[in-house]
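Engineer: Could you have a look at this structure, given as C-alpha cells, before my questions?
The values are calculated or read from the model by the stated rules, or taken from the named source; none is laboratory data. Please read all numbers here as calculations on a predicted model, not as lab measurements. Neighbour counts are summed over all protein chains in view; Cβ atoms, including those assigned to glycine, are modelled from backbone coordinates with ideal geometry. When the accessible area is computed, the model is the full protein with side chains, heavy atoms only, and any ligands, DNA or RNA have been set aside. Shrake-Rupley method; radii C 1.70, N 1.55, O 1.52, S 1.80 Å.
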Amino acid sequence: MVTISDVARHAGVSATTVSHVINATRFVDPATEARVREAIESLRYRPNSIARGLRVGETKTLGLLVPDNSNPFFADLAREIENAGFDAGYTVFLCNSDGSTVKEDKYLSVLLSRKVDGLIFAASANFSEGLTRALRLGLPTVLIDREISSARVDAVLVDNWQGGYLAGRYLLELGHRRFGVISGPNDTTSSPQRVGGFRQALREAGITLDPRAEVTADFHFEGGLAAMGELLDRVPALSAVFACNDLMAMGAMVTTRARGRLAPEQISIIGFDDIRYAATTWPPITTIAQPIEEVGRTALRVLLDRLKAPTGEPKRTLLQPRLVERNSCAVCPPSSG
C-alpha cells in the first residue's frame, strides 16, 4: 500500500507538505503542489480517511441504519438524511437490516469499526443488543420512526398515536361503524401506537373494535394482500379498514378488488405514511402523512447538535402527522353502517 511518505519521496518534499496539499490546511507553492499532485496520481495514492479521522478526532461520516430500504418511506427518509448530511459536510453510510436483529447488530459493529461520528437508527425491534454496545462505547445516536424504551438517547419521532386517532375520526365522520385494522409487527412501537390511537377514536364514539377485525401483518405489500383476505373471511360486513402503512393499504385494495369489493364505493381503506406511490394507485389512497423531510432534516440537526455537546439530557422531538384526503374513502353506504 502506498503511503504518504512514498508520495513525499517521489515529489521531493516532506510528508507534512503532502498533508497540507491533500487537506488544504496551508498555502503551498503552486509548483510544489503540482509535483505533489503528480506524485499522488503517478503512485495512485489514496488517503486513508479513517486514519486521518483518528488523528483529528472525527471522520466526517455518519451511520444510518434502517429496517427496510425497499419501503419507499425509508428510502425517502434516507435520501433526506443523506442530503442534509452532505449539506453539512458529512458522508452518510446507509445500512439495511431487513428487519433482522442479527444483521442489525452486524452492521452496528461495522459502523463502529469505521469510526463513524454518529448514528441515526430505526430499530428492527424494541431491543437492540448492538445499540446497547454502541451506546456503551459512547456513539452519539438519534432514534427515528420508533422508540427503544431502554435507550436513553435523542429521538425524532412522529406522533403515531395521533395519526391513528386522525384515521379513526375521519372514518367515523364518514359514517362508518364496522371497522377492520391491518396492523404491523407488535415488536416495534410504531404500529401498536397507531392502533392505540385508532381504538381511542372508536371508544370516544362508543364503539369497540371486534377482536376478529384486527389482523397483524408485516408492513409489506404482500402482507396487506394476505391480511385483507383474512379480514374479509372473518368479518365480511366490514365497511372501512385502517392499514398501518401505505404498502399494506395498497395490498389490501388489490384483495378487495379481487373479491369484488370496490374501494371506495363498497369499502373504504385508509393508510399511513403518504409514500410517493399512495397518490398513483387507483383509487389514490387517503392516508395519514408523516413529515418525511422534516423527520430527516431534524434528525440530522439533532445529531450534529449532540456531536457538539455530547452531555446533557436526551431530547425527544415529536412531529405531527396530517390527514391527506384522496379517493380511497367515501361516505359509508346506508346498508353498510
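Engineer: Pull up all non-local amide H partners of Glu214: gap of 5 or more, or a different chain, and H-to-H distance under 5 Å with H placed in the peptide plane.
Structural biologist: Val181
Engineer: If you average over every viewing direction, what projected area does the convex hull of the Cα atoms of segment 256-327 give, in nm²?
Structural biologist: For segment 256-327, averaging the hull's shadow over all directions gives 6.3 nm².
Engineer: Using the Karplus curve 6.51 cos²θ - 1.76 cosθ + 1.60 with θ = phi - 60°, work out ³J(HN,Hα) for each residue of segment 191-199 in order, rounded to whole Hz, and write x for Gly and Pro.
Structural biologist: Residue by residue, segment 191-199 yields 5, x, 5, 5, 5, x, x, 4, 4 Hz.
Engineer: No solvent, one uniform scatterer per C-alpha: report log10 I(q)/I(0) for segment 74-136 via the Debye equation at q = 0.15, 0.27 1/Å, two decimals.
Structural biologist: Each listed q corresponds, in turn, to -0.47, -1.26.
Engineer: So who's got an amide H within less than 5 Å of the one on Arg322, skipping anything under 5 residues away but keeping other chains? H placed 1.01 Å off N, in plane.
Structural biologist: It is Ala289, by chain and number.
Engineer: Further question: In what sequence, largest accessible area first, do Arg136, Arg326 appear using a 1.4 Å probe? Before the final figure, lay out each step's value.
Structural biologist: Details: Arg136 175, Arg326 60 Å².
Most to least solvent-accessible, the answer reads Arg136, Arg326.
Engineer: Principal axes first, then extents: for the Cα atoms of segment 107-161, list largest minus smallest coordinate on each axis, whole Å, largest first.
Structural biologist: Dimensions of segment 107-161 along the principal axes of its Cα atoms: 37, 18, 18 Å.
Engineer: Using +1 at the Cβ of each Lys and Arg and -1 at the Cβ of each Asp and Glu in segment 172-265, identify which of Phe242, Gly175, Pro211 lies farthest towards the dipole's positive end.
Structural biologist: Of the candidates, Gly175 comes out farthest on the positive side.
Engineer: Let me ask you something else. Once every DSSP H run of n ≥ 4 in the chain is given -39500 (n - 2.57) and the sum is divided by its residues, what mean residue ellipticity at 222 nm do you get, rounded to the nearest 500 deg cm²/dmol?
Structural biologist: So the helix-based figure for the chain works out to -14000 deg cm²/dmol.
Engineer: While we're looking at this one, here's another question. Please work out the FRET efficiency for the pair Ala237 and Ser70, using the Cβ-Cβ distance as r and a Förster radius of 35 Å; give the result to the nearest 0.05.
Structural biologist: Efficiency at R0 = 35 Å is approximately 0.50.
Engineer: For Lys103, go through the lysines and keep the ones whose alpha-carbon is under 24 Å away, minus same-chain ones fewer than eight residues off.
Structural biologist: Lys115
Engineer: Can I ask one more? If DNA, RNA and ligands are ignored and the probe is 1.4 Å, what is the ranking of Glu33, Glu80 by accessible area, most exposed first? Please list the in-between numbers first.
Structural biologist: Numbers: Glu33 65, Glu80 40 Å².
Output order, biggest surface exposure first: Glu33, Glu80.
Engineer: In a shell of Cβ-Cβ distance under 14 Å around Met1, excluding Met1 itself, what net charge do Lys and Arg (+1) and Asp and Glu (-1) give?
Structural biologist: The answer is +1.
Engineer: What percent antiparallel are the DSSP beta bridges of segment 130-288, to the nearest 5?
Structural biologist: The answer is about 0 percent antiparallel.
Engineer: Give me the angle, in degrees from 0 to 90, between the Cα long axis of helix 72-87 and the longest principal axis of the Cα atoms of the chain, rounded to the nearest 10.
Structural biologist: 30
Engineer: Simple spin-label model, 7 Å along Cα-to-Cβ: Val331 to Ala31 in nm?
Structural biologist: 8.8
Engineer: Give me the percent of Cα-Cα pairs in segment 182-322 that sit more than 27 Å apart, rounded to a whole number. Mind showing how you got there, number by number?
Structural biologist: On the way: 2854 of 9870 pairs.
Cα-Cα pairs in segment 182-322 separated by more than 27 Å: 29 percent.
Engineer: Still on this structure: Would you mind checking which residues have amide H under 5 Å from Leu119's amide H? H placed 1.01 Å from N; only 5 or more apart, or other chain.
Structural biologist: For Leu119, the qualifying residues are Gly63, Thr141, Val142.
Engineer: Relative to 2.2 N^0.38 Å, what does the C-alpha radius of gyration of segment 1-124 come to as a ratio? Two decimals please.
Structural biologist: 1.37
Engineer: Still on this model: Place a +1 charge on the Cβ of each Lys and Arg in the chain and a -1 charge on the Cβ of each Asp and Glu, then give the dipole magnitude about the Cα centre in debye, rounded to the nearest 20.
Structural biologist: Values: 38 positive and 38 negative charges, 112 e Å.
Dipole magnitude for the chain comes out near 540 debye.
Engineer: While we're looking at this one, here's another question. For the chain, what proportion of DSSP beta bridges, expressed in % and rounded to the nearest 5, is antiparallel?
Structural biologist: The antiparallel proportion sits near 10 percent.
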